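Written below as structure tokens is the structure these notes are about.
Where a number appears in this text, it was derived from the coordinates with a stated rule and is not lab data. As the structure is a prediction and not an experimental result, all values here were calculated from the model. Ideal geometry is used to build each Cβ from the backbone, glycine not excepted, and the neighbour counts take in all protein chains shown.
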2 protein chains.
Amino acid sequence: MRWGGWGDPDRTATLPESVTALLGSALGVERPGQPIPDAASAKLPPSRITELPGADSSAGARLAHLRGKSTPDLLKIRAGDVSAVPDAVARPESHEEVVALLAECGQRGIAVVPFGGGTSVVGGLTPETGKPVLALDLARMDQLIAFDSESRTATFGPGARAPQAEKLLNQRGYTLGHFPQSFEYATIGGFAATRSSGQASAGYGRFDELVVALRAATPTGTIETGRAPRSAAGPDLRQLLLGSEGAFGVITSVTVAIRPVPEVKHYEGWTFEDFAAGTAAMRSLAQDGPQATVLRLSDEFETAIGLSRPGKLGHGAGGCQLILGFEGTAAEVEAKRAAAGDRLRALGGEPLGTEPGEAWAHGRFSAPYLRDALLDAGALVETLETATFWSTIPDLYEAVREAIVDTLVEGGTPPMVLCHVSHTYPAGASLYFTVVCALGENPIEQWDAAKKAASEAIASAGGTITHHHGVGRDHLPWYAAEIGPVGVAALRAVKQAVDPDGILNPGVLIP
Amino acid sequence: MRWGGWGDPDRTATLPESVTALLGSALGVERPGQPIPDAASAKLPPSRITELPGADSSAGARLAHLRGKSTPDLLKIRAGDVSAVPDAVARPESHEEVVALLAECGQRGIAVVPFGGGTSVVGGLTPETGKPVLALDLARMDQLIAFDSESRTATFGPGARAPQAEKLLNQRGYTLGHFPQSFEYATIGGFAATRSSGQASAGYGRFDELVVALRAATPTGTIETGRAPRSAAGPDLRQLLLGSEGAFGVITSVTVAIRPVPEVKHYEGWTFEDFAAGTAAMRSLAQDGPQATVLRLSDEFETAIGLSRPGKLGHGAGGCQLILGFEGTAAEVEAKRAAAGDRLRALGGEPLGTEPGEAWAHGRFSAPYLRDALLDAGALVETLETATFWSTIPDLYEAVREAIVDTLVEGGTPPMVLCHVSHTYPAGASLYFTVVCALGENPIEQWDAAKKAASEAIASAGGTITHHHGVGRDHLPWYAAEIGPVGVAALRAVKQAVDPDGILNPGVLIP
């Protein structure tokens, strides 16, 4: 992972000239951003963890586990702020080793932050604590532990990266079908701990729907859940660990539902006159089928800027572009395409053929690379997301847009606010906003104000504070309001029961 | 509800002569069972609840809330044991009234048992406590509170009975599609509190999958969950209330996903040579589609006795009978029928036409009526169920059968053990066992021994202790083992946080 940025250091993105011009003309970007400082020049606070067997407190290890990948994370690193660096890094190889480490850290008062791909965008890797901090890097627990072709399940270690897990399954004729934007780096354990949702989740299901069993190590012992795909044996404790963000335990194995590798993957583009017509068409497919594998709709602004296909940034269009994908046998895909095509036409859609679909698929993991280029160029760019029921979507959309625009205009940096519907369900959908504006004097405060306004707007309109990024530390106040005092009390009670010394990712998730 | 038995008192079942003969010849049933005593003759312990506003401590009200509907429940009533009768019954009309009642009961040390349809078969209505017990009958909170056709959701009061909820939705062109065997009496709140699964759950989803939002009253306040169909905002607290069986709070409203009333409902029968061939065929449909709305497979024993179609008991057949149902538009149903037919034929299935399907649909809610007739005739009959992954199904099936047969043979009452696969998922399925034998000297102990042996077999084979009946008090020891000490500690912590005085259904759910 690139230090201070995203992805493969050899694959940095370059902005098209049209985009650079637009930054100046439309957003008033006048000067480049702070460059990423050399890691070697970083002045680290001394490590407070010594003599913990197997712990690595070298500067390289510590810096490689500094923060996640939100824009504020990257801005702080660009500003030379490495104060959130962990004191040391441990790389356990087994569940038993994690159990032992947690026991020792409990006794010694060391905070433990489980670390998968390091891709959190909500402050999930920056605990709030006076304790020394150990990053628990799960990279060595990356095996395919069990494979059951009859039940179509596979059990992975938490550190298995998504591409590696996908490859191991593909070799056996199967797929997990989980492709979030963080795919190239994110891990199976991280997906589970954050309730990840992927670009093909309309077809394969969200990650929390794919998990059939889990094992976790807590400071008070091991918990194993999932003896059957579904059960009526009390509250579903899998659902208490899914989304627990390292605050209740360290997930040490994950059993997921898998499917045969699809014979055919077909992605195509459609265009609708406006966002309302496009969302109505999506709702029709989500409620009455045929069920798409990929279904995304960019609003007028995102379509105009061309971000509906990140690889084609700057080549925008009018209306609202929709990406529709089907995966499966050739016959299934053909039948669904035909039925979906009839429906979308009847609802005002015009087909754009496969080019936009393929461009989207080609660029599907590239947006985070663009962010680094935009930050270099002097633009602030960040995303946020929410979900709600269909009948609330129009108000939620307007309220969030308005809150962001108003706040940033008031601060003197008028933004572009782009949005797409990223995930659909029969009862509702998620909205994913991308915000771009000129970097201000104090970009951390600048974004903080916009994010706060957006979060207030989400809460007031009745949306959930996050549909797939997670809570971390960034969403805590709105999360607490969302689940209310009884929900907070229940979470705190579980936390106290499984982590009495409060060593697990302190300050994250639990309000 | 019939006193001491099941259902509409005017609709009691009569056993076919062939069955009565079989009870004698095959099971050694020699004398009739104890009849249900006259309710008026019951000697109730004096009520310990006085001067609670609105509480009804009349004998009639108390007896109408005595126990659930497990066979041991009915046997105790037949034996004249009314010791578990609640002290009084309250019938609140609003969330606020429930909140106030819980506060008052907390202060006065009164245990509160939420009561929906009274159909628990796992001891969920017989708390273990020294406190006076108030049955909180939710029948008056039975309204359709909200209806959102755009999001396809409906919000019901917890006391809405399933037929009433279904009727209210049908009038608007929609269906909930939830048809458990308890359909005629069970309530929306009860479905949520017990993670109910219905006969059409293959198509519509389990009840826990249909719930998008919940409101509950706890002694410490109100909790509301569900701002979106799905969220990444921490652990899914809906899933903590679903299956909480009244131990964490009183569910006061439930928002469910609904669908248009299907144009066509088509049910048909198939036969397979044996259980292995039948389950392999079910697995194929569950994993690769077409997704059925109803999919059930009776084993050789259940098929032979004719219980695959409760209305046709005694008219058995060879092989294993499968019921396959599709609901939807005429075109969808036709396409799925054709595709499923090809698949089942290729996997060794032989079509039996629509007669078995229609016979099953006609008798789908009648089995509990048969039980009363069997108990009258001197036969013990009870059911139990589990679920696991496909690869574990054969061992689990054998182990449970053997455990039940061995125990009852040893006790001198050789049983018939019938089984069907009642619910299927891509990763696994549930097994539903029906046990019939002659009533022994002490039928409570007789069944208890068989149930213990079956539960041990389920646990050893790796199944879950319940797929859709719930935990109640009957499953507590195996449930505790299933979730382990960390799971138990987490549940107890939540219980303590939301119900510090321990008034909510004490002794139920929490090990």
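Charges were assigned to the Cβ only: +1 to each Lys and Arg, -1 to each Asp and Glu. The resulting dipole of the protein assembly as shown about its Cα centre is roughly 520 debye. Only lysines eight or more places from B:Lys167 in sequence, or on another chain, were considered; those with a Cα closer than 18 Å are B:Lys265.
Database remark: amide H of B:Phe115 closer than 5 angstrom to the amide H of B:Leu136, B:Asp137, B:Leu138 (H placed geometrically; neighbours at sequence offset of 5 or more, or on other chains; Pro and chain starts carry no H).
Our estimate of slack between A:Gln164 and A:Arg11, defined as 0.36 nm per intervening residue step minus the Cα-Cα distance, is 53.2 nm. Counting Cβ atoms of other protein chains within 10 Å of each Cβ in B:149-155 and taking the mean gives 6. Once the gyration tensor of the Cα atoms in segment B:354-511 is diagonalised, the equivalent ellipsoid follows with semi-axes of 29, 20, 18 Å, ordered largest first. Ellipsoid fit via the Cα gyration tensor, the protein assembly as shown: semi-axes of 51, 32, 27 Å, each the root of five times an eigenvalue, largest first. Converting phi to 3J(HN,Hα) with the Karplus coefficients 6.51, -1.76 and 1.60 and the offset θ = phi - 60°, segment B:137-151 yields 7, 9, 4, 7, 9, 10, 7, 7, 7, 8, 9, 10, 5, 5, 8 Hz in sequence order, with x at every glycine or proline. Of the peptides A:48-54, A:69-75, A:242-248, the ranking by mean beta-carbon count within 10 Å, highest at the top, reads A:242-248, A:69-75, A:48-54.
Each other copy places its own label point for A:Asp448 at 6.4 nm from this one, sorted shortest first, where the point lies 7 Å along the Cα-to-beta carbon line. Placing a label point 7 Å from the Cα of B:Glu410 along the Cα-to-Cβ direction, the distances to the matching points in the other copies come to 7.5 nm, shortest first. For a Förster distance of 25 Å, can you work out the FRET efficiency between the beta-carbons of B:Leu44 and B:Lys452, rounded to the nearest 0.05? My answer for the efficiency is 0.25.
Residues B:Asp376, A:Asp342, ranked from the fewest to the most other C-beta atoms within 10 Å, line up as A:Asp342, B:Asp376. Between rounded, prolate and oblate, where does segment A:301-408 land on the alpha carbon gyration tensor, with a ≥ b ≥ c its root eigenvalues, rounded for a/c under 1.5, else prolate if a/b exceeds b/c? Oblate is the answer for segment A:301-408, as a/c is 1.5 or above yet b/c matches or exceeds a/b.
Legend: mean number of C-beta atoms from other chains within 10 angstrom of residue C-beta atoms, peptide B:219-225, equals 4.
Its Cα gyration tensor gives segment A:144-260 an equivalent ellipsoid; the semi-axes, largest first and in whole Å, are 21, 16, 14.
Remark: spin-label model distance A:Asp274-B:Ala335 equals 3.2 nm, labels positioned 7 Å along the Cα→Cβ axis. Counting only lysines at least 8 places from A:Lys495 when in the same chain, those with an alpha carbon closer than 23 Å to its own are A:Lys131, B:Lys495. With all pairs of different C-alpha atoms in the average, the Kirkwood value for the hydrodynamic radius of segment A:174-321 is 17.6 Å. Sorted ascending by nearby beta carbons within 10 Å, beginning with the fewest, B:Phe275, A:Phe207 become B:Phe275, A:Phe207.
Stokes-Einstein diffusion for segment B:264-362, with the hydrodynamic radius set to the Kirkwood value over Cα pairs and evaluated at 20 °C in a medium of 1.002 mPa s, equals 163 µm²/s. Taking other Cβ atoms within 10 Å as a rough exposure proxy, A:Phe183, B:Phe326 sort from fewest to most as A:Phe183, B:Phe326.
Computed on segment A:39-137, with alpha-carbon pairs under 8 angstrom and 6+ residues apart, the relative contact order is 36 percent. Counting only residues at least eight positions apart within a chain, or on another chain, the aspartates and glutamates with an alpha carbon under 13 Å from that of B:Lys451 are B:Glu382, B:Glu385, B:Glu402, B:Asp406, B:Asp474.
Once the C-beta distance of B:Glu402 and A:Ser18 is scaled by a Förster radius of 60 Å, the resulting FRET efficiency is 0.25 to the nearest 0.05.
Multiplying the residue separation of B:Ala146 and B:Arg343 by 0.36 nm and removing their Cα-Cα distance gives an extension gain of 66.7 nm.
Label-point distances for B:Gln496 to the equivalent site in the other copies, using a point 7 angstrom along Cα→C-beta, read 0.7 nm when ranked shortest first. Note that segment A:202-217 has calculated 3J(HN,Hα) couplings of 4, x, 9, x, 5, 5, 5, 7, 7, 6, 9, 7, 9, 10, 9, 9 Hz, one per residue in order, obtained from phi through the Karplus relation 6.51 cos²θ - 1.76 cosθ + 1.60 (θ = phi - 60°); glycine and proline are x. Per residue of peptide B:159-168, the mean number of Cβ atoms on other chains within 10 Å of the residue Cβ is 0.
From the Cα gyration tensor of chain B, with a ≥ b ≥ c the square roots of its eigenvalues, which class applies: rounded if a/c is under 1.5, or else prolate if a/b is larger than b/c, or else oblate? Oblate, because a/c is 1.5 or more while a/b does not exceed b/c. Compactness ratio for segment B:393-475: Cα radius of gyration over 2.2 N^0.38 Å (N = residue count) comes to 1.09. Only DSSP H runs of four or more residues enter the estimate; each adds -39500 (n - 2.57), and after division by the residues of chain B the mean residue ellipticity at 222 nm equals -11000 deg cm²/dmol. Each residue of segment A:67-74 is assigned a 3J(HN,Hα), and the resulting list reads 6, x, 10, 6, 4, x, 4, 5 Hz, derived from the Karplus form 6.51 cos²θ - 1.76 cosθ + 1.60 (θ = phi - 60°), x at Gly and Pro. For A:Val261, the residues 5 or more places off, or on other chains, whose built amide H falls under 5 Å of its own are A:Tyr174, A:Thr175. Shown here: segment A:39-137, whose C-alpha atoms stretch 38, 25, 23 Å along the first, second and third principal axes, sorted largest to smallest.
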